[in-house]
Amino acid sequence: MKKIIITLTVSCFALLTLAAGLGVWGYKTIMDFALSPLNMTEPQELVLQRGTSFSLLASTLERREIIAEGWKLKALVKLKPELAKIRSGFYELHPGESVDELLTKLVKGDEKVFSVTLIEGQNIKEWRQILQALPHSQYDEGVFTQVLSDNGDESGLPEGKFYPDTYHYVAGDNINAIVRQSYHKMQQELEKAWAQRAEDLPLKSSYELLIMASIIEKETGKASERPWISAVFANRLNKGMRLQTDPTVIYGMGDSYQGDITRKALREHTPFNTYRINGLTPTPIAAL
(Lines give C-alpha, C1' and ligand atoms only; values in the text may rest on other atoms or scores of the structure.)
Protein backbone atom coordinates (compact mmCIF):
# COMPACT_ATOMS: atom_id res chain seq x y z
CA MET A 1 0.00 0.00 0.00
CA LYS A 2 2.79 2.33 0.92
CA LYS A 3 4.50 1.56 -2.39
CA ILE A 4 1.32 2.43 -4.30
CA ILE A 5 1.00 5.74 -2.46
CA ILE A 6 4.60 6.63 -3.22
CA THR A 7 4.13 5.72 -6.88
CA LEU A 8 1.00 7.86 -7.14
CA THR A 9 2.77 10.77 -5.44
CA VAL A 10 5.66 10.57 -7.88
CA SER A 11 3.24 10.39 -10.84
CA CYS A 12 1.27 13.42 -9.62
CA PHE A 13 4.46 15.37 -9.08
CA ALA A 14 5.58 14.49 -12.60
CA LEU A 15 2.24 15.67 -14.04
CA LEU A 16 2.41 18.91 -12.08
CA THR A 17 5.97 19.47 -13.25
CA LEU A 18 4.93 18.79 -16.83
CA ALA A 19 1.95 21.14 -16.51
CA ALA A 20 4.16 23.86 -15.08
CA GLY A 21 6.62 23.34 -17.89
CA LEU A 22 3.87 23.55 -20.47
CA GLY A 23 2.55 26.68 -18.74
CA VAL A 24 5.94 28.40 -18.94
CA TRP A 25 6.35 27.31 -22.55
CA GLY A 26 2.84 28.48 -23.44
CA TYR A 27 3.28 31.84 -21.74
CA LYS A 28 6.58 32.46 -23.53
CA THR A 29 5.04 31.39 -26.85
CA ILE A 30 2.17 33.86 -26.50
CA MET A 31 4.42 36.69 -25.33
CA ASP A 32 6.76 36.08 -28.27
CA PHE A 33 3.73 36.18 -30.55
CA ALA A 34 2.67 39.52 -29.04
CA LEU A 35 6.05 41.03 -29.93
CA SER A 36 6.20 39.52 -33.41
CA PRO A 37 5.66 41.81 -36.43
CA LEU A 38 2.52 41.74 -38.52
CA ASN A 39 2.84 39.74 -41.71
CA MET A 40 2.83 42.49 -44.34
CA THR A 41 5.20 44.36 -46.63
CA GLU A 42 2.95 47.36 -47.34
CA PRO A 43 0.51 49.39 -45.23
CA GLN A 44 -3.01 47.98 -45.09
CA GLU A 45 -6.32 49.45 -43.98
CA LEU A 46 -8.51 47.78 -41.38
CA VAL A 47 -12.12 48.79 -40.81
CA LEU A 48 -13.83 47.74 -37.58
CA GLN A 49 -17.57 48.27 -37.68
CA ARG A 50 -19.43 49.17 -34.50
CA GLY A 51 -20.01 46.00 -32.47
CA THR A 52 -17.12 44.02 -34.00
CA SER A 53 -16.19 41.25 -31.59
CA PHE A 54 -12.63 40.30 -30.73
CA SER A 55 -13.26 36.84 -32.15
CA LEU A 56 -14.24 38.39 -35.50
CA LEU A 57 -11.13 40.57 -35.42
CA ALA A 58 -8.93 37.52 -34.87
CA SER A 59 -10.52 35.59 -37.73
CA THR A 60 -10.31 38.63 -40.03
CA LEU A 61 -6.60 39.11 -39.37
CA GLU A 62 -5.98 35.41 -39.88
CA ARG A 63 -8.03 35.26 -43.09
CA ARG A 64 -6.09 38.22 -44.49
CA GLU A 65 -2.86 36.48 -43.39
CA ILE A 66 -1.82 39.49 -41.31
CA ILE A 67 -1.28 37.02 -38.46
CA ALA A 68 -0.64 33.28 -38.83
CA GLU A 69 -2.43 31.77 -35.84
CA GLY A 70 -5.60 33.38 -34.58
CA TRP A 71 -5.73 31.21 -31.45
CA LYS A 72 -2.61 32.90 -30.16
CA LEU A 73 -4.34 36.28 -30.43
CA LYS A 74 -7.25 34.97 -28.36
CA ALA A 75 -4.81 33.47 -25.86
CA LEU A 76 -3.00 36.81 -25.64
CA VAL A 77 -6.12 38.65 -24.48
CA LYS A 78 -6.67 35.98 -21.84
CA LEU A 79 -3.31 37.01 -20.40
CA LYS A 80 -3.87 40.74 -21.09
CA PRO A 81 -7.67 41.30 -20.95
CA GLU A 82 -7.30 45.06 -21.44
CA LEU A 83 -6.29 44.41 -25.07
CA ALA A 84 -9.73 42.96 -25.85
CA LYS A 85 -11.49 46.35 -25.52
CA ILE A 86 -11.14 47.27 -29.18
CA ARG A 87 -12.91 50.30 -30.67
CA SER A 88 -14.63 50.64 -34.00
CA GLY A 89 -12.93 52.83 -36.59
CA PHE A 90 -10.80 53.09 -39.71
CA TYR A 91 -7.22 52.03 -39.00
CA GLU A 92 -3.97 51.77 -40.94
CA LEU A 93 -1.60 48.89 -40.22
CA HIS A 94 2.10 49.27 -40.95
CA PRO A 95 4.89 46.79 -41.75
CA GLY A 96 7.07 46.23 -38.69
CA GLU A 97 4.19 46.95 -36.32
CA SER A 98 3.88 44.23 -33.67
CA VAL A 99 0.71 42.38 -32.69
CA ASP A 100 0.79 44.10 -29.31
CA GLU A 101 1.17 47.54 -30.95
CA LEU A 102 -1.77 46.78 -33.24
CA LEU A 103 -4.05 45.85 -30.35
CA THR A 104 -2.94 48.89 -28.36
CA LYS A 105 -3.85 51.07 -31.36
CA LEU A 106 -7.30 49.48 -31.61
CA VAL A 107 -7.93 49.88 -27.88
CA LYS A 108 -6.94 53.57 -27.96
CA GLY A 109 -9.04 54.19 -31.07
CA ASP A 110 -5.97 55.61 -32.80
CA GLU A 111 -7.61 55.83 -36.22
CA LYS A 112 -5.98 56.68 -39.53
CA VAL A 113 -5.78 60.44 -39.99
CA PHE A 114 -6.44 61.86 -43.45
CA SER A 115 -5.29 65.31 -44.54
CA VAL A 116 -6.43 67.85 -47.10
CA THR A 117 -4.66 71.00 -48.24
CA LEU A 118 -6.72 74.00 -49.29
CA ILE A 119 -4.31 75.81 -51.58
CA GLU A 120 -3.76 79.56 -51.50
CA GLY A 121 -4.51 81.38 -54.72
CA GLN A 122 -7.37 79.02 -55.59
CA ASN A 123 -11.03 79.97 -55.48
CA ILE A 124 -14.02 78.42 -53.73
CA LYS A 125 -15.04 76.50 -56.84
CA GLU A 126 -11.65 74.78 -56.93
CA TRP A 127 -11.80 74.08 -53.19
CA ARG A 128 -15.24 72.51 -53.59
CA GLN A 129 -13.80 70.07 -56.14
CA ILE A 130 -11.02 69.13 -53.71
CA LEU A 131 -13.41 68.57 -50.80
CA GLN A 132 -15.89 66.59 -52.89
CA ALA A 133 -13.12 64.17 -53.90
CA LEU A 134 -11.92 63.42 -50.36
CA PRO A 135 -12.06 59.72 -49.43
CA HIS A 136 -14.12 58.44 -46.51
CA SER A 137 -15.78 61.77 -45.74
CA GLN A 138 -19.17 63.48 -45.92
CA TYR A 139 -19.57 66.61 -48.02
CA ASP A 140 -22.49 69.05 -48.09
CA GLU A 141 -22.81 71.14 -51.25
CA GLY A 142 -23.70 74.36 -49.44
CA VAL A 143 -21.12 74.03 -46.68
CA PHE A 144 -19.31 77.35 -47.33
CA THR A 145 -22.41 79.52 -47.30
CA GLN A 146 -23.79 77.55 -44.35
CA VAL A 147 -20.67 78.25 -42.28
CA LEU A 148 -20.96 81.93 -43.18
CA SER A 149 -24.62 81.96 -42.12
CA ASP A 150 -23.80 80.17 -38.86
CA ASN A 151 -21.41 83.02 -38.08
CA GLY A 152 -23.83 85.82 -38.88
CA ASP A 153 -22.69 86.44 -42.47
CA GLU A 154 -25.77 86.31 -44.70
CA SER A 155 -24.01 87.68 -47.79
CA GLY A 156 -23.81 84.28 -49.49
CA LEU A 157 -20.36 85.33 -50.75
CA PRO A 158 -17.76 82.87 -49.40
CA GLU A 159 -14.87 83.77 -51.70
CA GLY A 160 -11.69 84.64 -49.81
CA LYS A 161 -13.23 84.26 -46.36
CA PHE A 162 -11.62 80.88 -45.62
CA TYR A 163 -8.00 80.25 -44.74
CA PRO A 164 -5.81 78.05 -46.98
CA ASP A 165 -3.98 75.47 -44.90
CA THR A 166 -3.64 71.73 -44.30
CA TYR A 167 -6.48 70.24 -42.28
CA HIS A 168 -7.03 66.76 -40.83
CA TYR A 169 -9.97 64.41 -40.41
CA VAL A 170 -10.78 60.76 -39.72
CA ALA A 171 -13.01 58.45 -41.75
CA GLY A 172 -16.68 59.35 -41.57
CA ASP A 173 -16.10 62.95 -40.50
CA ASN A 174 -18.28 65.66 -41.97
CA ILE A 175 -16.21 68.17 -43.94
CA ASN A 176 -18.19 70.98 -42.29
CA ALA A 177 -15.72 70.79 -39.39
CA ILE A 178 -12.78 71.55 -41.71
CA VAL A 179 -14.60 74.46 -43.34
CA ARG A 180 -15.45 75.89 -39.91
CA GLN A 181 -11.79 75.66 -38.87
CA SER A 182 -10.78 77.39 -42.08
CA TYR A 183 -13.28 80.20 -41.54
CA HIS A 184 -12.28 80.92 -37.94
CA LYS A 185 -8.58 80.83 -38.77
CA MET A 186 -9.13 83.38 -41.53
CA GLN A 187 -10.95 85.67 -39.11
CA GLN A 188 -8.03 85.44 -36.68
CA GLU A 189 -5.40 86.07 -39.35
CA LEU A 190 -7.37 88.91 -40.91
CA GLU A 191 -7.81 90.60 -37.53
CA LYS A 192 -4.05 90.49 -36.96
CA ALA A 193 -3.28 91.79 -40.46
CA TRP A 194 -5.76 94.67 -40.09
CA ALA A 195 -4.23 95.66 -36.74
CA GLN A 196 -0.77 95.77 -38.35
CA ARG A 197 -1.76 97.63 -41.55
CA ALA A 198 0.09 100.71 -42.78
CA GLU A 199 -1.51 103.97 -41.65
CA ASP A 200 -1.76 105.41 -45.15
CA LEU A 201 -3.43 102.33 -46.65
CA PRO A 202 -6.49 103.54 -48.63
CA LEU A 203 -8.81 100.86 -47.26
CA LYS A 204 -11.83 101.21 -44.98
CA SER A 205 -12.15 97.75 -43.46
CA SER A 206 -10.47 94.43 -42.92
CA TYR A 207 -12.70 93.00 -45.65
CA GLU A 208 -11.32 95.51 -48.15
CA LEU A 209 -7.84 94.45 -47.02
CA LEU A 210 -8.82 90.86 -47.80
CA ILE A 211 -10.05 91.85 -51.27
CA MET A 212 -6.87 93.77 -52.02
CA ALA A 213 -4.67 90.92 -50.80
CA SER A 214 -6.52 88.41 -52.99
CA ILE A 215 -6.00 90.56 -56.09
CA ILE A 216 -2.29 90.88 -55.31
CA GLU A 217 -2.10 87.10 -54.75
CA LYS A 218 -3.52 86.43 -58.22
CA GLU A 219 -1.47 89.17 -59.87
CA THR A 220 1.83 87.43 -59.07
CA GLY A 221 3.04 84.13 -57.75
CA LYS A 222 6.34 85.64 -56.59
CA ALA A 223 6.46 86.79 -52.98
CA SER A 224 9.27 89.24 -53.82
CA GLU A 225 6.97 91.13 -56.25
CA ARG A 226 4.01 91.53 -53.90
CA PRO A 227 5.25 94.60 -51.97
CA TRP A 228 5.83 96.45 -55.25
CA ILE A 229 2.42 95.48 -56.66
CA SER A 230 0.76 96.41 -53.37
CA ALA A 231 2.36 99.85 -53.54
CA VAL A 232 1.20 100.32 -57.16
CA PHE A 233 -2.40 99.39 -56.32
CA ALA A 234 -2.44 101.54 -53.17
CA ASN A 235 -1.12 104.48 -55.20
CA ARG A 236 -3.84 104.00 -57.84
CA LEU A 237 -6.55 103.88 -55.20
CA ASN A 238 -5.19 107.01 -53.52
CA LYS A 239 -5.28 108.85 -56.84
CA GLY A 240 -8.76 107.61 -57.72
CA MET A 241 -7.41 105.55 -60.61
CA ARG A 242 -8.77 102.17 -61.67
CA LEU A 243 -6.78 99.10 -60.70
CA GLN A 244 -6.84 97.68 -64.25
CA THR A 245 -5.70 94.16 -63.38
CA ASP A 246 -6.40 91.09 -65.50
CA PRO A 247 -7.02 88.54 -62.69
CA THR A 248 -10.18 90.36 -61.63
CA VAL A 249 -11.51 90.24 -65.19
CA ILE A 250 -10.72 86.55 -65.44
CA TYR A 251 -12.56 85.85 -62.19
CA GLY A 252 -15.58 87.77 -63.43
CA MET A 253 -15.61 85.78 -66.68
CA GLY A 254 -16.11 82.54 -64.75
CA ASP A 255 -16.41 79.43 -66.92
CA SER A 256 -16.34 81.49 -70.11
CA TYR A 257 -12.62 82.10 -69.58
CA GLN A 258 -10.74 79.72 -71.87
CA GLY A 259 -7.20 81.03 -71.49
CA ASP A 260 -7.60 84.44 -73.15
CA ILE A 261 -9.29 87.67 -72.10
CA THR A 262 -11.49 88.76 -74.96
CA ARG A 263 -12.03 92.36 -76.02
CA LYS A 264 -15.69 91.90 -75.19
CA ALA A 265 -14.79 90.90 -71.63
CA LEU A 266 -12.61 93.99 -71.22
CA ARG A 267 -15.41 96.26 -72.47
CA GLU A 268 -18.11 94.62 -70.38
CA HIS A 269 -19.12 96.52 -67.27
CA THR A 270 -19.13 93.83 -64.55
CA PRO A 271 -18.45 94.15 -60.80
CA PHE A 272 -15.09 92.44 -61.36
CA ASN A 273 -13.83 94.30 -64.41
CA THR A 274 -11.36 96.71 -62.85
CA TYR A 275 -10.79 98.28 -66.27
CA ARG A 276 -14.36 99.62 -66.06
CA ILE A 277 -15.12 100.00 -62.33
CA ASN A 278 -13.58 102.30 -59.76
CA GLY A 279 -12.03 100.90 -56.62
CA LEU A 280 -12.05 97.29 -55.48
CA THR A 281 -14.08 94.32 -56.59
CA PRO A 282 -17.09 93.44 -54.38
CA THR A 283 -15.46 90.26 -53.05
CA PRO A 284 -12.02 88.65 -52.93
CA ILE A 285 -11.11 86.71 -56.06
CA ALA A 286 -9.12 83.91 -54.40
CA ALA A 287 -8.04 82.41 -51.11
CA LEU A 288 -4.80 83.66 -49.60
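Among the listed pairs 28/72; 80/105; 112/161; 78/112, a Cα-Cα separation exceeding 23 Å is found for 112/161; 78/112. Here is the size of segment 32-132 from its Cα atoms: Rg then Dmax, 17.3, 56 Å. Can you pull the percent of segment 197-287's accessible area that's carbon plus sulfur, 1.4 Å probe, other chains left in place? Using a 1.4 Å probe with all protein chains present, segment 197-287 comes out at 49 percent carbon and sulfur. When the helices of the chain are scored as -39500 (n - 2.57) per DSSP H run of n ≥ 4 and the total is divided over every residue, the value at 222 nm lands at -15500 deg cm²/dmol. Close amide H pairs (under 5 Å, H built 1.01 Å from N) link residue 93 with 44, 45, 46, residues at least 5 positions away or on another chain. Restricting the calculation to alpha carbons of segment 113-196 gives Rg and Dmax of 12.6, 40 angstrom.
Applying 1/(1 + (r/R0)^6) with R0 = 22 Å to the Cβ-Cβ distance of residue 113 and residue 141 gives a FRET efficiency near 0.30. For the chain, rounded, prolate or oblate, judged on the Cα gyration tensor with a ≥ b ≥ c (square roots of eigenvalues), a/c < 1.5 rounded, else prolate if a/b > b/c? Judged from the Cα gyration tensor, the chain comes out prolate (a/c at least 1.5, a/b above b/c). Pairs exceeding 30 Å between alpha-carbon atoms, taken from 125/222; 108/192; 218/239: 108/192.
The values are calculated or read from the model by the stated rules, or taken from the named source; none is laboratory data. Computed from a predicted structure; not experimentally measured. Glycine also receives a Cβ, built like all others from the backbone with ideal geometry; neighbour counts cover every protein chain displayed. Surface areas here come from the heavy atoms of the whole protein model, side chains and all, with no ligands, DNA or RNA. Shrake-Rupley method; radii C 1.70, N 1.55, O 1.52, S 1.80 Å.
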